[in-house]
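Undergrad: Once you've had a glance at the structure underneath, I'll fire off some questions.
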Amino acid sequence: MKIDDIFRLTADDIFNELNTSIKGLSKDEANARLQKYGYNEIKEVKKSSLLSRFLANFTHLLAILLWIASILSFIGGMPQLGWAIILVIIVNALFSFWQEFKAEQATESLKKMLPSYVKVIRDGHQEQILARELVPGDLIYLEEGDHIPADARLIEAFEMRTINAALTGESEPVRRTSDVVLDEDVSLLQSPNLVFMGTSVASGSGTAVVYATGMDTQFGKIASLTQTIKIEQSPLQRQLTRVAQVIAYLSLVMGVFFFLLGLLMGRSLVDTFMFAIGIITANVPEGLLPTVTLALAMGVQRMARRHALVKKLSSVETLGGATVICTDKTGTLTQNEMTVREIWTPLEFYNVSGIGYEPKGEFSANGRQIDNKNLPDELSLLLKIGLLCNNSRLVRPTNENPSWNIIGDPTEGSLVVLAEKAGYTLENMLREYPRVSQLPFDSRRKRMSSIHKSGKDIYVFTKGAPKETLSVCNYIFKGEEGVKKLEQSDIDKVIEQNDKFAESGLRVLAMAYKKIDDENKEYTIENTENDLIFVGLVAMMDPPRPEVELAVKHAHKAGIKIIMITGDYGLTAESIARRIGIIKGLHPRIIIGNELDKMTDEDLKKELKNKEIIFARVAPEHKMKVVAALKEMGEVVAVTGDGVNDSPALKRADIGIAMGKSGTDVAREVATMVLTDDNFASIVNAIEEGRAVYDNVRKFITYIFAHLTPEAIPYILFSLFNIPVPITVMQILAIDLGTETLPALALGVEPPEPGVMDRPPRSPKEKLLNLSLFLRGYVLLGLISSVAVLSGYFWVLYSGGWHWGETLPFTAPLAKKAATMSFLGIVIMQVANVFACRTEVASMFSVGFFKNKLLNIGVVFELVLTAILIYVPFLQKIFDTYPVSFKHWLFYLAFIPLLIGAEEIRKWILRKKINANK
């Protein structure tokens with residue numbers, strides 16, 4: 001078969017050419033074709049080689065600075081220092097490369113957790129399979145919001161339009177039909193009866209036969225031109241790059257300062273030059289960027305375990321700054337397992353038993369049970385409308401999946417279950433009333449209609465929102481009385497009953513129909529949805545998720561405003577919002593879609609200042625308006641969405657959140673984050689993890705800053721006064737290269753600290769490197785560590801017989817012993833610092849000493865490495881250490897409570913301040 005001519009073939013010719021049928025392929029045939037054609041996948045563009053990515057770690061700004069320091073060391077006749085700095089560069093490059101590699105693996109594994117599914121007909125039954133398992137000849141069902149997974153020929157299309165921008169550049173939706181194309185001038189890409197991989201369904205639905213998969217598709221042929229690999233830096237990463245640059249320049253300034261200071265005070269050129277290089281090297285935060293990458297990757301992995309899949313590492317910390325969550329109701333705040341509980345017709349009120357999707361239950365009216373096989377006319381008609389005007393399917397239990405389930409929309413699924421409780425099956429009803437056309441649901445008119453043929457008669461079956469459905473009805477069905485003119489009194493009764501259902505938190509749909517004498521060639525909204533006959537109301541329950549109430553409480557406590565934006569009736573939305581704690585006041589502001597349309601942006605911003613506000617009866621496009629207004633007010637907005645029309649709002653939001661179960665492919669594509677359980681509580685959990693990532697980066701920087709002060713102050717004293725060398729360059733490098741590596745890394749993987757969700761969101765203008773961080777790291781922790789280090793240094797000198805003003809060469813054992821005491825003091829105080837830095841606000845005693853295993857391993861590593869450097873003879877010569885006794889280790893234990901106590905007081909004051917501001 002020539003693919004170029006497939007759009008000119010009839011449906012029967014296509015089935016013959018592809019050796020398939022209206023029942024689709026058999027499973028055996030599909031497996032055989034999968035072996036022949038391979039998986040339906042686009043081969044990814046080859047990434048940079050591992051070697052080139054590894055070598056890049058040797059050429060960034062911080063590495064270049066260290067290379068310069070190394071070269072100067074060799075020029076200055078200090079090869080020992082030069083080789084030590086090169087070792088720092090190599091170790092840092094290995095560490096950075098390993099972190100980047102692990103982070104990449106983490107994001108790749110997340111991609112596998114977001115598989116794309118497609119509805120396919122095999123062996124005559126509709127089922128859901130992975131899109132990668134599609135083969136030529138498969139019959140697929142497409143509807144609004146679906147990504148088209150392969151190139152296919154439409155054999156049935158209902159008001160279908162596709163967005164072909166990814167393939168052709170056309171931004172407007174393009175109409176699709178199943179008609180054979182006869183025009184000789186039409187090319188394959190222009191053909192209206194073909195759909196292509198990489199495009200999506202904007203509206204309507206259809207059935208198509210796959211004729212090309214994977215690299216054989218049009219998209220596959222130009223994949224190398226359309227694929228790009230772009231690593232986007234987040235605001236945090238850009239800020240960190242600036243931080244690293246500032247610290248690098250400060251290092252140079254400090255190096256030059258200490259060099260000139262040493263010369264002014266009469267120190268030797270070699271000593272001052274060597275120490276200046278040491279100060280430059282020690283101040284360069286080599287581990288900063290890889291630690292941030294690790295913190296982001298670990299945050300993503302923790303979020304994934306809590307059902308929130310973040311698609312880009314760069315988005316994690318944005319979550320922590322969220323100030324407003326705009327959320328749907330159905331499926332996010334509720335369980336999304338609709339069950340019809342009550343039915344109202346003009347003649348009777350019915351109750352329906354049973355829960356979930358199992359079609360097991362009874363009908364009753366006024367306490368009397370009704371025979372499922374002998375239903376009243378109006379009830380039977382209502383069930384048939386709900387079943388036929390429907391695109392969902394009931395999935396029966398199997399060995400692999402022992403529970404009842406649905407494919408499609410849960411609301412429609414509940415109507416299929418309702419009909420099956422009365423013994424009506426979709427297969428049988430479609431044989432009696434085959435579908436000839438369909439007017440798909442859209443969020444503006446809030447209705448759906450399907451057109452069916454029975455004998456010579458044509459029926460229109462419509463379901464939708466009660467008010468919108470009533471607006472196209474002129475008649476009402478009253479059972480044995482027949483069809484009557486719809487009076488205002490009838491409308492009032494319907495609206496009154498709808499309000500009662502809504503006040504009880506029930507979702508309500510209206511059912512209507514009409515019979516058409518003549519079969520139209522084309523069915524439009526205008527010529528079909530008019531003069532309908534109203535039949536009744538169906539009220540379904542979708543109970544709130546049990547964990548949502550607590551999640552809402554946590555969000556409010558964290559200073560996050562929650563705004564419900566729903567297409568449901570206002571009273572229904574208010575009932576659910578009140579039940580889960582989103583609103584508590586007596587008179588919340590409820591804005592409906594029509595009112596929102598008339599509002600100016602300034603009016604909307606004024607309304608958004610209300611503490612409790614709900615948007616009801618709104619279309620997805622209204623979300624965009626609300627989100628844009630909130631962002632202009634300076635809010636950091638997270639917004640949920642599941643439909644194709646939600647895409648603009650998801651893109652516009654700071655954090656777009658798509659539903660993993662009920663969301664469309666298009667929504668999942670544009671979203672920042674996907675909820676695998678469609679659960680609001682998972683959003684709050686993700687925000688908590690986002691806050692933890694930001695906190696962990698600050699903890700790391702604080703910890704690094706804390707050791708710079710006790711390294712710098714002793715040398716200032718050495719330069720100003722005639723005291724022995726307090727610490728050597730090699731000892732500073734030993735701290736920077738060895739002892740601090742693992743503990744610093746461990747701070748990047750700290751879980752959220754207690755109370756992180758008791759704080760208000762951080763300001764978007766807040767800088768990572770602010771005054772409070774400087775004061776905590778350099779001043780509070782740094783000065784206490786300096787006091788401890790200098791106390792140990794002078795204690796050794798004075799106990800060894802040294803007196804102030806005495807010149808003591810570094811070759812003297814006492815000088816080496818004192819310098820070793822300074823080195824040991826910095827290490828031990830950094831052990832205390834790393835535990836103090838585990839929390840920013842909460843007490844360090846509230847997090848548990850053994851929860852962070854990597855930290856405990858890091859501390860043990862730090863102390864063991866220090867002991868090796870002090871006691872191994874050949875390392876003593878390299879690092880100028882002296883084998884001090886155990887009592888010298890114990891000396892610093894007295895200073896640990898001082899540091900911890902000062903930090904605990906600071907945290908206590910901060911907690912009091914946060915609580916006072918609530």
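Undergrad: Quick one: what are the phi-derived ³J(HN,Hα) couplings along region 765-772, Karplus 6.51/-1.76/1.60 with θ = phi - 60°, whole Hz, x for glycine and proline?
TA: Karplus values, whole Hz, x for Gly and Pro: 7, 5, 8, 4, 9, 10, 4, 5.
Undergrad: Could you rank the peptides 857-866, 130-139 by their average count of other C-beta atoms within 10 Å per residue, with the highest value first?
TA: Numbers: 857-866: 17.5, 130-139: 21.9.
Peptide ranking by packing, descending: 130-139, 857-866.
Undergrad: Given 0.36 nm per residue, what is the gain on full extension from residue 253 to residue 23 after removing their alpha carbon distance, in nm? It would help to have the intermediate numbers written out before the result.
TA: Working: separation 230, 0.36 × 230 = 82.80 nm, distance 7.67 nm.
Stretched out fully, the residue 253 to residue 23 stretch lengthens by 75.1 nm.
Undergrad: Here's something else I'd like to know. R0 = 51 Å: FRET efficiency of residue 589 with residue 177, Cβ-based, nearest 0.05? Walk me through the intermediate numbers first.
TA: Values: r = 45 Å, r/R0 = 0.89.
Plugging the Cβ-Cβ distance into 1/(1 + (r/R0)^6) gives 0.65.
Undergrad: Separate question: Just tell me which lysines come within less than 18 Å, Cα to Cα, of residue 765; anything on the same chain fewer than 8 places away is out.
TA: Straight-distance partners of residue 765: 631.
Undergrad: Taking the DSSP beta bridges in the chain as the whole, what percent of them are antiparallel, to the nearest 5? Could you put the intermediate results ahead of the total?
TA: On the way: 81 of 105 bridges.
Roughly 75 percent of the DSSP beta bridges within the chain come out antiparallel.
Undergrad: With a 10 Å radius around each residue's Cβ, average the other Cβ atoms per peptide and rank 486-497, 461-472, 688-699, highest first. Display every interim value, and only then the final one.
TA: On the way: 486-497: 14.0, 461-472: 21.5, 688-699: 24.6.
Answer by packing, highest mean first, reads 688-699, 461-472, 486-497.
Undergrad: Lysine pairs in region 380-472 with alpha-carbon atoms under 19 Å apart, 8 or more places apart or on different chains: how many are there? Don't skip to the end; give the middle numbers.
TA: On the way: 384/421; 384/453; 384/456; 384/463; 446/463; 446/467; 453/463.
So the count of such lysine pairs works out to 7.
Undergrad: Contour minus end-to-end for residue 484 and residue 360, with contour as 0.36 nm per residue of separation and end-to-end as the Cα-Cα distance?
TA: Numbers: separation 124, 0.36 × 124 = 44.64 nm, distance 3.39 nm.
Using 0.36 nm per residue and subtracting the Cα-Cα distance, I get 41.3 nm.
Undergrad: Can you figure out the FRET efficiency of residue 661 with residue 268, using R₀ = 45 Å and their beta-carbon distance, to the nearest 0.05?
TA: On the way: r = 72 Å, r/R0 = 1.60.
For R0 = 45 Å, the calculated efficiency reads 0.05.
Undergrad: Okay, moving on. Beta carbons within 10 angstrom, averaged per residue: use that to sort the peptides 807-814, 155-162, 251-258, highest first.
TA: Values: 807-814: 12.0, 155-162: 21.5, 251-258: 17.6.
Most protected by this proxy first, the peptides run 155-162, 251-258, 807-814.
Undergrad: Please list, in order along region 850-857, the HN-Hα scalar couplings obtained from phi with the Karplus expression 6.51 cos²θ - 1.76 cosθ + 1.60 (θ = phi - 60°), rounded to whole Hz, x for Gly and Pro.
TA: After applying 6.51 cos²θ - 1.76 cosθ + 1.60, I find 10, 6, 8, 4, 5, 5, 5, 4 Hz.
Undergrad: Read phi for every residue in region 203-210 and hand back ³J(HN,Hα) as whole Hz from Karplus 6.51 cos²θ - 1.76 cosθ + 1.60, θ = phi - 60°, with x for Gly and Pro.
TA: 7, x, 8, x, 10, 9, 9, 6
Undergrad: Using modelled amide H (1.01 Å from N, peptide plane; none on Pro or chain starts), what sits under 5 Å from the amide H of residue 592, excluding residues fewer than 5 places away?
TA: Amide H neighbours of residue 592, under 5 Å, 5+ apart: 616.
Undergrad: Can you work out the base-10 log of I(q)/I(0) for region 396-521 at q = 0.14, 0.21, 0.22 1/Å, using the Debye formula on its C-alpha atoms alone?
TA: Debye intensities relative to I(0), on a log10 scale: -0.79, -1.47, -1.51.
Undergrad: Here's something else I'd like to know. Mean residue ellipticity at 222 nm from the helices of the chain, using -39,500 (n - 2.57) per DSSP H segment of n ≥ 4 over the full residue count, to the nearest 500 deg cm²/dmol?
TA: Values: 35 runs with 422 residues, N = 918.
Rounded to the nearest 500, the figure is -14500 deg cm²/dmol.
Undergrad: Under a Cβ-Cβ cut-off of 11 Å, what is the net charge of the residues other than residue 580 that fall near it, where Lys and Arg count +1 and Asp and Glu count -1? Mind showing how you got there, number by number?
TA: On the way: positive: 329, 545, 553, 578, 579, 584; negative: 547, 549.
Net charge around residue 580: +4.
Undergrad: Then there is this: Given a Förster distance of 41 Å, report the FRET efficiency between residue 799 and residue 770 from their Cβ-Cβ distance, rounded to the nearest 0.05.
TA: Numbers: r = 42 Å, r/R0 = 1.03.
About 0.45, to the nearest 0.05.
Undergrad: In degrees between 0 and 90, to the nearest 10, how far off the longest principal axis of the chain does helix 782-799 point, with axes built from Cα atoms?
TA: Compared with the principal axis, the helix lies near 30 degrees.
Undergrad: How far is it, in nm, from the label point at residue 59 to the one at residue 36 when both lie 7 Å from their Cα along the line to the Cβ?
TA: Between residue 59 and residue 36, the label points sit 4.9 nm apart.
Undergrad: Which angle from 0 to 90°, rounded to the nearest 10, does the C-alpha axis of helix 896-916 make with the longest principal axis of the chain?
TA: 40
Undergrad: Step through the table entries 584/853; 767/912; 500/611, compare each Cα-Cα distance with 31 Å, and write down the pairs that go over it.
TA: Working: 584/853 43 Å; 767/912 23 Å; 500/611 27 Å.
Cα-Cα > 31 Å for 584/853; rest within.
Undergrad: Could you state, as a whole-number percent, how many of the C-alpha pairs of region 606-733 are farther apart than 25 Å? Show your work: numbers first, answer last.
TA: Values: 4007 of 8128 pairs.
When all Cα pairs of region 606-733 are counted, 49 percent exceed 25 Å.
Where a number appears in this text, it was derived from the coordinates with a stated rule and is not lab data. Worth saying up front: this structure is predicted, and the values here are computed from it rather than measured. Neighbour counts are summed over all protein chains in view; Cβ atoms, including those assigned to glycine, are modelled from backbone coordinates with ideal geometry.
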